[in-house]
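**Student:** Handing you a structure now.
Every number in this text was worked out from the coordinates using simple rules, so none of it is lab data. Owing to the predicted nature of the structure, the values given are computational and were not obtained by experimental measurement. FYI the Cβ positions are ideal-geometry reconstructions off the backbone, even for glycines, and counts take in every protein chain you see.
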Amino acid sequence: MVAAQSTFLTTLLGSAPQRSTGMAWLDRVRAAALERANAAAVPSAREEEWRFTDLAPLARLSFQPRAQAAAPSTQAVAARLLPQAYARLVFVDGVFAEALSSLPSSAGVRVMALEQALRDEPALLEAQLARLGAYEHNVFTALNTAFLREAAVVVVDPGHAVSGPIHVLHLASGSAEPYAIYPRTLLVAGARSRCTLIEDFVALGEGAYFSAPLAEVSIAPDAAVSHIRLQREAASAFQIAAAFVEQARGSTYRLVHVALGARLSRLEVSVVHGATACETAIDGLAMIGARQLADTHTSVDHAHPEGRLRQTHRCVAGGAAHAVFNGKILVRDGAQRTDAAQSFRGLLLSERAQIDAKPQLEIFADDVKCAHGAAIGQLDAQALFYLRSRGLGEQQARNLLTYAFAAEVIERIAVPAVRSALARVVLERTREAA
Amino acid sequence: MIRAGAPVLLDVRELEASIGDKPILKGVSLEVRAGEVHAIMGPNGSGKSTLAKLLSGHPAYSVTRGSVAYRGSDLLGLSPEARAQAGLFLGFQYPVEIPGVSNAQFLRLAYNSVQAARGAEELDPLEFDDLVREKLALVDMDPSFLERNVNEGFSGGEKKRNEILQMALLEPVLALLDETDSGLDIDALRVVAGGVNSLAGADNAIVLVTHYQRLLNYIEPDYVHVMEGGQIIKTGDKALALELEARGYDWVRAEFDAARAAA
Ligand SMILES: Nc1ncnc2c1ncn2[C@@H]1O[C@H](COP(=O)(O)OP(=O)(O)OP(=O)(O)O)[C@@H](O)[C@H]1O
Ligand SMILES: [Mg+2]
């Protein structure tokens with residue numbers, strides 16, 4: 001063990017319940033990840049990748065693994081459900097809640113919890129689980145894999161278009177005792193298939209908990225995946241998440257991610273173009289206040305020609321909040337005719353709020369189009385006056401402009417019910433942040 | 001229309017104002033009564049927009065001397081929204097683009113804010129739609145402008161029509177129109193003037209800031225003021241506008257300076 005290891009890690013690792021999963025290969029993966037986690041330390045702000053995100057408040061706390069999931073009332077859950085969903089996997093404090101889930105069986109797509117997936121699709125799981133989710137260099141992905149017991153698994157057959165969104169709902173019940181959970185999602189989209197995955201992290205109560213979600217998305221040739229990720233964790237929660245995406249030839253991946261909750265959150269998105277003509281769209285919104293910190297790190301690896309990226313990121317920071325964005329675009333030697341565009345805009349609502357943004361373009365091919373822009377500012381004084389001169393109160397005018405700033409990302413959400421629900425949440429948020 | 005004994009809507013006295021340390025208005029006096037149409041002309045940079053924006057409550061200006069009463073009570077202590085709610089309207093020389101806010105949404109919020117302040121009925125989106133379509137016809141605007149973001153990508157003339165649309169909806173007591181005629185083609189000018197005229201009545205008043213006599217063929221002013229160097233240096237009737245068109249501003253300045261030297 002590293003001498004500098006924090007209480008946070010020692011508590012987590014000291015409590016590792018290494019009950020066998022019944023699958024030798026999975027036990028081996030977990031053991032290897034545990035070894036990694038044991039050798040690792042909580043990243044410090046001295047590391048370039050963590051420069052703006054101080055994990056000290058996290059490292060000070062000790063979290064126990066969640067032993068028993070508290071059963072939330074169906075009433076509390078009902079409001080979070082999405083009637084239009086094709087299927088629903090609900091996890092309460094990281095534990096699969098079968099009674100709250102809805103898993104239709106129809107040809108072309110399987111939506112399963114890990115246990116069933118290991119029974120029904122052992123070969124596919126052995127080939128795909130923990131294939132993309134690298135844990136060698138990151139203590140949080142290592143932790144997720146070391147404690148891997150639960151997962152949402154979605155397998156879409158070639159040529160199949162799933163009739164509605166697949167809703168993976170993670171509910172945090174909240175509790176007095178700080179606990180740790182490790183949500184995990186595996187999506188395998190077959191060639192020419194189409195699907196929409198919604199990962200939805202919602203707190204039902206308050207409480208400090210630590211969540212380290214990890215998603216693996218594997219997209220076969222000419223398939224299209226739409227991925228919506230909503231982070232609405234509790235105000236004193238910590239979420240350090242990662243999403244690994246691999247695209248095959250001619251495939252499309254669209255991600256809209258929204259961070260509203262948590263005391264401290266971080267999302268690392270890593271997209272790899274594994275063949276030619278991959279198309280990626282990433283739209284992100286972080287809207288935070290009080291003493292929240294929200295960090296978004298994205299990386300798109302253009303390893304082959306004719307890839308395309310469209311990325312928008314918006315941060316709204318009020319109170320003494322701190323938003324961080326790092327958008328890496330790597331265009332490798334030979335990835336000719338790559339066409340990438342990234343736009344970042346930050347909105348500071350108060351003097352004490354802070355936004356750090358870093359576009360990071362690394363281009364090693366010569367025939368490429370790479371555009372990026374970054375701007376951080378306050379609400380436009382002229383627009384505020386214009387609205388007020390028409391009778392809108394100052395606060396109302398501020399809220400409207402703040403909402404309009406965020407709406408650009410919300411409007412990219414292709415599921416109408418999610419879009420309108422989120423629009424309402426954000427509108428309320430502008431009122432609270434005020 | 002000048003009527004003796006008509007109530008005074010706006011009473012600006014010896015107004016001096018600065019932006020930062022820079023004095024811009026240097027003693028402006030102006031009285032506007034119900035039913036009147038005033039035109040303010042004057043060279044670029046003379047302070048016309050400053051006066052209009054200051055009267056609407058723009059926070060950039062600080063008043064260093066003088067007073068402004070609106071319908072008998074102090075105006076300067078009111079927030080911009082309170083002024084709008086009390087019936088003051090500024091048609092902007094440069095209307096502001098607001099990305100992400102639809103024109104329909106904006107117009108309805110503005111309408112309802114003013115209605116609420118007047119104790120009048122607020123309208124839901126459907127009811128408002130009927131009303132706004134009626135007003136759109138007045139300024140000859142296509143309903144597609146409702147779906148677009150406020151002024152975003154509007155041409156110069158479209159922005160000005162949108163200002164008149166807002167005026168038509170809010171039915172102000174006192175409208176300050178800052179170069180609403182600039183950038184308009186002949187047809188648009190007629191449309192805008194028609195909109196203004198249909199609003200003008202015995203109980204309200206209009207102050208037009210303009211560079212062109214042309215507008216005054218359509219909207220007949222009761223008074224024409226010349227502003228220069230942060231002051232109103234001459235006031236006349238509509239004949240003055242024609243004279244300015246023919247002779248420029250220099251003679252007005254010379255006359256003003258001579259009068260001052262004599263005093
Ligand atoms: N923010 C500012 N900072 C410095 N000077 C300013 C500012 N705003 C206005 N001014 C100055 O105040 C003076 C009056 O400007 P204003 O816009 O009122 O003129 P105007 O009469 O409306 O001119 P125009 O006919 O060109 O519209 C100008 O000299 C202008 O440069
Ligand atoms: Mg002007």
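**Student:** Using the Karplus equation 6.51 cos²θ - 1.76 cosθ + 1.60 (θ = phi - 60°), what ³J(HN,Hα) coupling, rounded to whole Hz, does each residue of the stretch A:216-229 give in order, writing x for Gly and Pro?
**Tutor:** 10, 10, 10, 10, 6, x, 6, 8, 10, 10, 10, 10, 10, 10
**Student:** Once fully extended, how much extra length lies between A:Glu115 and A:Arg28, figured as 0.36 nm per residue of separation less the alpha-carbon to alpha-carbon distance?
**Tutor:** Contour length minus the Cα-Cα distance gives 29.6 nm.
**Student:** GNM on chain A, C-alpha springs below 10 Å: top fluctuator among A:Ala71, A:Ala281, A:Ala374?
**Tutor:** Of A:Ala71, A:Ala281, A:Ala374, the Gaussian network model singles out A:Ala71 as fluctuating most.
**Student:** Expressed in nm to one decimal, what extension gain is obtained for the pair B:Ser198 and B:Glu152 from 0.36 nm per residue of sequence separation less their Cα-Cα distance?
**Tutor:** In short, 13.8 nm is gained.
**Student:** How far, in nm, would the chain grow between A:Arg249 and A:Arg310 when pulled straight, counting 0.36 nm per residue and subtracting the alpha carbon separation?
**Tutor:** 20.2 nm
**Student:** Related question: Would you mind checking which residues have amide H under 5 Å from A:Ala281's amide H? H placed 1.01 Å from N; only 5 or more apart, or other chain.
**Tutor:** A:Tyr253, A:Arg254, A:Leu255, A:Arg310
**Student:** Please identify the GluC sites (Glu not before Pro) of the stretch A:57-159 that satisfy two criteria: DSSP loop assignment and at most 13 other Cβ atoms within 10 Å. Which are they?
**Tutor:** Sparse-neighbourhood loop GluC sites (Glu not before Pro): A:Glu136.
**Student:** Put a dot 7 Å past each Cα toward the Cβ at A:Leu103 and A:Gln75; how far apart are the dots in nm?
**Tutor:** 2.9 nm
**Student:** Now, a different point. Once amide H atoms are placed 1.01 Å from N in the peptide plane, what residues at a sequence separation of 5 or more from A:Ala242, or on another chain, have their amide H within under 5 Å of its amide H?
**Tutor:** A:Leu214, A:Ala215, A:Glu268
**Student:** Also: Mind listing the phi-derived Karplus ³J(HN,Hα) values for the stretch A:204-210, rounded to whole Hz, using 6.51, -1.76 and 1.60 with θ = phi - 60°, and x for any glycine or proline?
**Tutor:** 8, x, 8, x, 8, 9, 10
**Student:** Mind checking the angle between helix B:250-262 and chain B's longest principal axis? C-alpha axes, 0 to 90 degrees, to the nearest 10.
**Tutor:** 50 degrees
**Student:** Which order do peptides A:208-216, A:258-266 fall in by mean Cβ count within 10 Å, highest first?
**Tutor:** Order by mean packing, descending: A:208-216, A:258-266.
**Student:** Something else: Averaged across B:145-152, how many Cβ atoms of other chains sit within 10 Å of each residue's Cβ atom?
**Tutor:** 1
**Student:** What's the angle, to the nearest 10 degrees (0 to 90), between helix B:125-138's Cα axis and the longest principal axis of chain B?
**Tutor:** Orientation of helix B:125-138: about 50 degrees from the principal axis.
**Student:** How far is helix B:186-199 tilted, in degrees, relative to the longest principal axis of the Cα atoms in chain B, given as a value from 0 to 90 rounded to the nearest 10?
**Tutor:** So the inclination is approximately 90 degrees.
**Student:** Here's something else I'd like to know. Evaluate E = 1/(1 + (r/R0)^6) for A:Thr7 and A:Glu49, where r is the Cβ-Cβ distance and R0 equals 30 Å; express this FRET efficiency to the nearest 0.05.
**Tutor:** FRET efficiency, A:Thr7 to A:Glu49: 0.85.
**Student:** Put a dot 7 Å past each Cα toward the Cβ at A:Ser350 and A:Asp380; how far apart are the dots in nm?
**Tutor:** 2.6 nm
**Student:** Right, here's the next one. Under a crude label model (7 Å from the Cα following the beta-carbon direction), how far is A:Arg131 from B:Asp140 in nanometres?
**Tutor:** If labels sit at A:Arg131 and B:Asp140, their model points lie 6.6 nm apart.
**Student:** Something else about it: Among rounded, prolate and oblate, which fits chain A when a ≥ b ≥ c are the square roots of the eigenvalues of its C-alpha gyration tensor, a/c under 1.5 means rounded, and a/b larger than b/c means prolate?
**Tutor:** Because its axes are fairly even, with a/c under 1.5, chain A counts as rounded.
**Student:** Just to verify a number: FRET efficiency for B:Arg214 and A:His372, C-beta to C-beta distance, R0 = 41 Å, to 0.05?
**Tutor:** 0.30
**Student:** Please check which bits of the stretch A:145-160 a label hung off A:Arg19 would reach, taking the label as a point 7 Å along Cα-to-C-beta and the cut-off as backbone N under 19 Å.
**Tutor:** A:145-152
**Student:** While we're looking at this one, here's another question. For B:Ala205, what residues show an amide H to amide H distance below 5 Å, using hydrogens built from the backbone and excluding near sequence neighbours?
**Tutor:** B:Gly35, B:Leu174, B:Ala175
**Student:** Please report how far the C-alpha centroid of the stretch A:347-378 lies from that of the stretch A:382-427, rounded to the nearest whole angstrom.
**Tutor:** 23 Å
**Student:** With a ≥ b ≥ c taken as the square roots of the eigenvalues of the C-alpha gyration tensor of chain B, please select rounded if a/c is under 1.5 and otherwise prolate if a/b is larger than b/c or oblate if it is not?
**Tutor:** prolate
**Student:** On a 20 Å Cα-Cα criterion, which of the cross-link pairs B:Lys26/B:Lys53; B:Lys22/B:Lys234; A:Lys328/A:Lys369; B:Lys53/B:Lys159; B:Lys135/B:Lys159; B:Lys48/B:Lys234 come out too long?
**Tutor:** B:Lys22/B:Lys234
**Student:** In whole Hz and in residue order, list the ³J(HN,Hα) couplings for the stretch B:207-215 that follow from phi through the Karplus curve 6.51 cos²θ - 1.76 cosθ + 1.60, θ = phi - 60°; x for Gly and Pro.
**Tutor:** Each residue of the stretch B:207-215 in turn: 10, 9, 9, 8, 9, 10, 5, 3, 4 Hz.
**Student:** Once the Cβ-Cβ distance between B:Ala69 and B:Tyr94 is put in as r, and R0 is 22 Å, what FRET efficiency do you end up with, to the nearest 0.05?
**Tutor:** 0.20
**Student:** Moving to a separate point now. Suppose only helical runs count, i.e. DSSP H with n ≥ 4. What mean residue ellipticity at 222 nm does that imply for chain A under -39500 (n - 2.57) per run, divided by all residues and rounded to the nearest 500 deg cm²/dmol?
**Tutor:** It comes out at -6500 deg cm²/dmol, rounded to the nearest 500.
**Student:** Sticking with this structure for a sec: If one computes the Cα centroid of the stretch A:187-246 and of the stretch B:97-117, what distance in Å separates the two points?
**Tutor:** When both Cα centres are located, 37 Å separates them.
**Student:** In the stretch B:36-56, which residues have a backbone nitrogen under 16 Å from the label point lying 7 Å from B:Met1's Cα in the Cα-to-Cβ direction?
**Tutor:** Backbone N within reach: B:36-38.
**Student:** Give me a single rounded figure for B:51-59: the average over its residues of other chain Cβ atoms within 10 Å of their Cβ.
**Tutor:** Partner Cβ neighbours, averaged per residue: 2.
**Student:** How shielded is B:108-117 by partner chains, expressed as the average number of their Cβ atoms within 10 Å of its Cβ atoms?
**Tutor:** 3
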